[in-house]
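**Student:** Take this structure first; my questions come after.
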Amino acid sequence: MIIFVGAQSRGYFLTETAKRKGETVTYVTENLSILKQRDQILQENGEYIIFDIEQYTDASDVLADEIRKLVRAKGWKVIVYAPGYDSDSRIIKELQFAGIVYFVFSANPGEAGMELERCLQGYYDDPDQKELEQFKEMEEAVKAGRKIGVTGATARMGTTTFALQIVKYLQIKGYRACYVQVNDTEFVEQIEKAFNDVVCDLELGKITFAHVDLYYKQENLVEILKQGYDYYVYDFGTYSDKGFNKTSFLEKDIRIFVLGSKASEMDATMNVLRNEYYTEVDYVYNFVSESEKKDVLEMMEEKAERTYFTVYTPDPFEYVTNAAFEKMLPVKDCSPEKERKKGLFSRWKK
């Protein structure tokens, strides 16, 4: 018997392979947390179990640890269904380090079926243990650095400005913080072209401008994480973009959605609020007048206590005091010294 943990509609690629193998398939109801599936999973009996990790909002280490415990209890051969996931992503590495070696990565039903066939035959080799050890070493090296993910419901909502204001807020509080561009806007590259006083590190993909370190080469994320910052602020751009990395966003320690209340923004805002994958997140509204705030909070219902508002910020690199940061990111003030202000126009290249 093959046990599929997830929605039956997601397990349709199993049908032909199971039929050829003479195996029956049983399903465990999908859930946002594997912890809530534990009792039902333990009631099942079979030789193989397949976890569809797309359903989960659990942290990578929690998910990996729980699967490991379940496998030890029942002795199943485990296969992880991770369509579209990068084999180098944190969650996959965590699962490999937990001893899981069989994965189905293809989103194409035919190809997924063939990958499953290979898994059932024990075709794939064990993961490179040296590579996994290096991954764990990297995790240890950066465990002190907290990661903040910021994404906007739609374009032109001030997401990048808000991310930079978080960096400035943390700097003023005395912490080492940097901005990491994980979108296709080329904002950082445009800063380098437009302004004076930019210090560049082309190999690492870093510029320093207005006392902020900004990184733009996503392929260098491992090296960036080794730079020893207290906080890494990731700008994921627009949530609805094709390139938006949901998995990476969900792995961050703090997750923030920038929303809007204008008529042209409400569809995108409501799409975010209705999406059950995004639990334990904060919501920030840009460009909301004082008279509108009460109505917005009523609309947010149970999410109102995690809803905040920005303040007018003409220059993203000049921090504007915002009481919302003290509630959203209540950190100890290690350095009360305030940064000297520098006007935007004096920095432009001639």
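The values are calculated or read from the model by the stated rules, or taken from the named source; none is laboratory data. Keep in mind that what you see is a predicted model, and the values were worked out from it rather than measured. Every residue, glycine as well, gets a Cβ built from its backbone with ideal geometry; the counts of neighbours run over all protein chains shown. What goes into the accessible areas is simple: the full protein's heavy atoms, side chains included, and nothing from ligands, DNA or RNA. Shrake-Rupley method; radii C 1.70, N 1.55, O 1.52, S 1.80 Å.
**Student:** For every helix of n ≥ 4 consecutive DSSP H residues, a contribution of -39,500 (n - 2.57) applies; sum these over the chain, divide by its total residues, and give [θ] at 222 nm rounded to the nearest 500 deg cm²/dmol.
**Tutor:** -10000 deg cm²/dmol
**Student:** Using only Cα atoms and rounding to the nearest 10 degrees, what angle (0 to 90) does helix 129-142 make with the longest principal axis of the chain?
**Tutor:** 30 degrees
**Student:** Starting from the 7 Å offset along Cα-to-Cβ, what nm value, one decimal, do you get for the label separation of PHE105 and GLU301?
**Tutor:** Each label point is offset 7 Å from its Cα along the Cβ direction, giving 4.0 nm.
**Student:** What are the ³J(HN,Hα) couplings of segment 251-261, residue after residue, when phi is run through the Karplus curve with 6.51, -1.76, 1.60 and θ = phi - 60°? Round to Hz, x for glycine and proline.
**Tutor:** 7, 6, 5, 10, 10, 10, 9, 9, 10, x, 10
**Student:** Applying the Karplus parametrisation 6.51 cos²θ - 1.76 cosθ + 1.60 with θ = phi - 60° to the phi angles of segment 320-333, what ³J(HN,Hα) value in whole Hz is obtained for each residue in order, glycine and proline being reported as x?
**Tutor:** 10, 3, 9, 4, 4, 5, 5, 7, 6, 10, x, 10, 5, 7
**Student:** Placing +1 at every Lys and Arg Cβ and -1 at every Asp and Glu Cβ, with all other atoms neutral, what dipole size does the chain have around its Cα centre, in debye to the nearest 20?
**Tutor:** About 640 debye.
**Student:** May I pose another question? Report the residue, chosen from SER248, SER87, SER264, that carries the largest GNM mean-square fluctuation when the chain is represented by alpha-carbon nodes joined by springs under 10 Å.
**Tutor:** SER264
**Student:** Right, here's the next one. To the nearest 10 degrees, how steep is helix 109-120 against the longest Cα principal axis of the chain, on a 0 to 90 scale?
**Tutor:** So the inclination is approximately 60 degrees.
**Student:** Right, something else. Take each of the peptides 92-101, 30-39, average the number of other beta-carbon atoms within 10 Å over its residues, and list them starting from the highest.
**Tutor:** Listed from highest to lowest mean packing, they are 92-101, 30-39.
**Student:** Another question, if that's okay. Evaluate E = 1/(1 + (r/R0)^6) for GLU117 and GLN43, where r is the Cβ-Cβ distance and R0 equals 30 Å; express this FRET efficiency to the nearest 0.05.
**Tutor:** 0.65
**Student:** A further question on this structure: Just the accessible area for MET328, please: 1.4 Å probe, Å², rounded to the nearest 10?
**Tutor:** Taking all protein chains as shown, MET328 has close to 20 Å².
**Student:** Still on this structure, please answer the following. Measuring from label point to label point, each 7 Å out along Cα→Cβ, what is the GLU292 to LYS246 span in nm?
**Tutor:** Taking the simple label geometry, GLU292 and LYS246 are separated by 2.8 nm.
**Student:** Next up: Tell me the carbon and sulfur percent of the accessible area for the chain, rounded to whole percent, probe radius 1.4 Å.
**Tutor:** 47 percent
**Student:** Shifting gears a bit: Tell me which GluC sites (Glu not before Pro) from segment 217-318 have a DSSP coil assignment and no more than 10 other beta carbons within 10 Å of their own.
**Tutor:** Loop-located and lightly packed - GLU276, GLU280.
**Student:** Working from Cα positions, state the angle (0 to 90°, nearest 10) between the long axis of helix 60-74 and the longest principal axis of the chain.
**Tutor:** Taking Cα atoms only, the helix is inclined about 10 degrees.
**Student:** For segment 138-241, what is the accessible area per residue in Å², given a 1.4 Å probe and the full set of protein chains?
**Tutor:** For segment 138-241, the solvent-accessible area averages 42 Å² per residue.
**Student:** Taking H as built 1.01 Å from N, whose amide H comes closer than 5 Å to the amide H of THR238, not counting residues under 5 places away?
**Tutor:** Hits under the 5 Å cutoff: GLY152.
**Student:** Would you mind getting me the FRET efficiency between LYS36 and GLU16? Use the beta-carbon distance for r and R0 = 25 Å, nearest 0.05.
**Tutor:** In this case the efficiency is close to 0.25.
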